[in-house]
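Enquirer: Below you'll find the structure I mean.
The values are calculated or read from the model by the stated rules, or taken from the named source; none is laboratory data. From a predicted model like this one, the values you see are computed outputs, not experimental measurements. Here the Cβ is made from the backbone with ideal geometry for all residues, glycine too, and neighbour counts use every protein chain on show. Note: areas computed on protein heavy atoms with side chains; ligands, DNA, RNA excluded. Shrake-Rupley method; radii C 1.70, N 1.55, O 1.52, S 1.80 Å.
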Amino acid sequence: MKPPVLLAALLLLPASLAPAGETLAFGPAPAAGEAAPSWQWPVSPRPPVLRNFDPPPKPWLSGHRGVDLGTAPDGAPVTSPAAGTVSFVGVVVDRPVITIDHGNGLRSSFEPVESSLAAGSAVDAGQVIGTLLPGHCPAASCVHWGVRRGEDYVNPLQFVMDLRPSILLPLSAPP
């Protein structure tokens, strides 16, 4: 058998062994306490990321502790990416914020989002938690989404996308 055909056969073998409807995960499994990409995007349709997660090297330094997601016009509904309980609704500095506690130490915050929900309200994944107000991104309508695990900010995109690096395999054996 030629090397490219053999490689293709080896790559397809695990897929043929998976039960119907079950997906195979290649690469390392999430560490204890880490979530696999299983949440929903908080705005629909899937938004462009206007500004990426850029945490500071020290907690007291400046940085971007979340992501800015492009949305439909101001007034667009913002939804909970996973089930949880509203832990905060109010104004921080000069912007309305809503925070959802998802359990296991994970909390999502959204701004500028106006909400009629109260702290203690249970929310389901995909449930509207508020509406987007203007004021966060200067040139576009956007919602800032931050996620904390305990006291540490983490990249929210890891909960909606597979951020593991891709690994390219050779098509043929080296000479």
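Enquirer: If you take the residues in region 129-143 that are loosely packed, with under 14 Cβ neighbours inside 10 Å and touching a residue at least 40 places away in the same chain (Cβ under 8 Å), which one is nearest to the chain's Cα centre (by Cα)?
Expert: Here the answer is Ala140.
Enquirer: Now a separate question. Go through (1) under 18 Å from the mean Cα position of the chain (by Cα); (2) assigned to a strand (DSSP E or B); (3) over 24 Å from Gly150 (Cβ atoms) one by one and return the number of the condition Pro96 breaks.
Expert: Looking at each condition in turn, Pro96 falls short on (1).
Enquirer: Please indicate, with yes or no, whether at least one residue in region 144-164 is open to solvent by 50 Å² or more (accessible area, probe 1.4 Å), hydrophobic (A, V, I, L, M, F, W, C), over 16 Å from Asp74 (Cβ atoms) and at pLDDT below 90. Break it down into steps so the answer makes sense when it comes.
Expert: Kept after step one, since they are open to solvent by 50 Å² or more (accessible area, probe 1.4 Å), are these residues of region 144-164: 148-149, 151-153, 161-164.
Narrowing further to those that are hydrophobic (A, V, I, L, M, F, W, C): 161, 163.
From the residues that got through so far, the ones that are over 16 Å from Asp74 (Cβ atoms) too are 161, 163.
Next, only the ones that are at pLDDT below 90 stay: 161, 163.
Yes; the residues of region 144-164 include at least one that is open to solvent by 50 Å² or more (accessible area, probe 1.4 Å), hydrophobic (A, V, I, L, M, F, W, C), over 16 Å from Asp74 (Cβ atoms) and at pLDDT below 90.
Enquirer: Quick check on my filter: what residues within region 99-117 are among the small types (Gly, Ala, Ser) and outside any loop (DSSP other than H, G, I, E, B)?
Expert: Gly103, Ser108, Ser109
Enquirer: Confirm whether Gly120 is more than 18 Å from Val147 (Cα to Cα), open to solvent by 50 Å² or more (accessible area, probe 1.4 Å) and modelled with pLDDT under 90. Spell out the reasoning first.
Expert: Numbers: more than 18 Å from Val147 (Cα to Cα): yes; open to solvent by 50 Å² or more (accessible area, probe 1.4 Å): yes; modelled with pLDDT under 90: no.
It is false that Gly120 is more than 18 Å from Val147 (Cα to Cα), open to solvent by 50 Å² or more (accessible area, probe 1.4 Å) and modelled with pLDDT under 90.
Enquirer: Another question, if that's okay. Answer yes if at least one residue in region 64-74 is farther than 20 Å from Leu157 by Cα, in a strand (DSSP E or B) and modelled with pLDDT of 90 or more, and no otherwise.
Expert: The answer is no, given that none of the residues of region 64-74 is farther than 20 Å from Leu157 by Cα, in a strand (DSSP E or B) and modelled with pLDDT of 90 or more.
Enquirer: Taking the criterion of being open to solvent by 50 Å² or more (accessible area, probe 1.4 Å) and in contact with a Phe, Trp or Tyr (Cβ under 9 Å, 6 or more places away or on another chain), would at least one residue in region 87-95 satisfy it?
Expert: no
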